[in-house]
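**Student:** First, the structure itself, so that you have it in front of you.
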Amino acid sequence: MRAGYDTAAARPAREPAGGKAGPGQLQNAFLTAGYYDTCRPSRAAALSAYLRGDPQPPLAPAAPGPGSAAAENGGAVYTAVECDDAPWPTDWAVGDRDNTRPARVAPFETWDNTWVHPPCAYRPAPRQRPLDVRTGPGELPPGLILAAERDAAAPERNRRLAGPRLVTERDAGSHGIGGGPHTCVDAYLDDYLLEGRLPERHASCAPHAEPEPETRRG
């Protein structure tokens, strides 16, 4: 799969897929499959057809469409929140160094997550100071965290969590798992939101059913 994607990703640099999708757009389309495993069958089918010489399949998820403006607006809001949430380096050399290392191990996603943050180095607005709520450790009730074990963007790491209760969807790879079709995960979420109840300790749920592979006619 990785070799096939690398081969496909090199083509739009020479000729945009279908005359519309360049390397960055193609990368962004396939990156979605790292966040939501429900996207993987359609992306895999598109990649297979593209490698066989059909330029059209990647266009649906990759080419700009009517929703592009809304996505750009969402990106701008995301960047504003990120820039205000933490003290980012003001020297791009620092960011380049810090991301080059993990990119050697995880090249597919490292730089995509990096490019939304460079504007923080040049943002003229002063960063807000964190609000001191004057509470000590253990004085606030623990929260609830839902996480998928194989989430490509934020993999579950329960050993790092001391206070909040963690509900893990085992052997699954979606970025957001609450409020979906998973009854086990949603039961914990409903208990927390409606009744204020938390599991006594970290809990786990079986993975949701894997999406069926797509078959192409013709």
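**Student:** Just the residues that are part of a helix (DSSP H, G or I) and either free of Cβ contacts under 8 Å to residues at least 12 places away in the same chain or touching a helix residue (DSSP H, G or I) at 6+ places or on another chain (Cβ under 6 Å) (or both), please, taken from the stretch 76-91. It would help to see each step written out before you state the result.
**Tutor:** Here is the first cut: in the stretch 76-91, the ones part of a helix (DSSP H, G or I) are 76-85.
Across the stretch 76-91, the qualifying residues are 76, 77, 79, 80, 81, 83, 85.
Table: residues versus (1) outside any helix (DSSP H, G or I); (2) in contact with a Gly (Cβ under 7 Å, 6 or more places away or on another chain); (3) modelled with pLDDT under 80.
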residue	(1), (2), (3)
43	no, no, no
47	no, yes, no
55	yes, yes, yes
60	no, no, yes
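**Student:** Related question: Determine whether the stretch 167-189 contains at least one residue that is at pLDDT below 80, outside the structural domain of residue 23 (by TED's automatic domain parsing) and touching a Phe, Trp or Tyr at 6+ places or on another chain (Cβ under 7 Å). Walk me through it before giving the result.
**Tutor:** At the first step, the residues of the stretch 167-189 found to be at pLDDT below 80 are 173, 180-181.
Next, only the ones that are outside the structural domain of residue 23 (by TED's automatic domain parsing) stay: 173, 180-181.
Checking the rest, the ones that are also touching a Phe, Trp or Tyr at 6+ places or on another chain (Cβ under 7 Å) come to none.
No - not one qualifying residue is present in the stretch 167-189.
**Student:** Another question, then. Filter the stretch 1-34 for residues that are surrounded by fewer than 17 Cβ atoms within 10 Å (Cβ to Cβ) and among the hydroxyl-bearing types (Ser, Thr, Tyr); which is farthest from residue 50 (Cα to Cα)?
**Tutor:** So, considering only residues that are surrounded by fewer than 17 Cβ atoms within 10 Å (Cβ to Cβ) and among the hydroxyl-bearing types (Ser, Thr, Tyr), the one farthest from residue 50 (Cα to Cα) is 32.
The values are calculated or read from the model by the stated rules, or taken from the named source; none is laboratory data. Just so it is clear, the structure is predicted and the values come from calculations on it, not from any experiment. All Cβ positions, glycine included, derive from the backbone under ideal geometry; neighbour counts span all protein chains shown.
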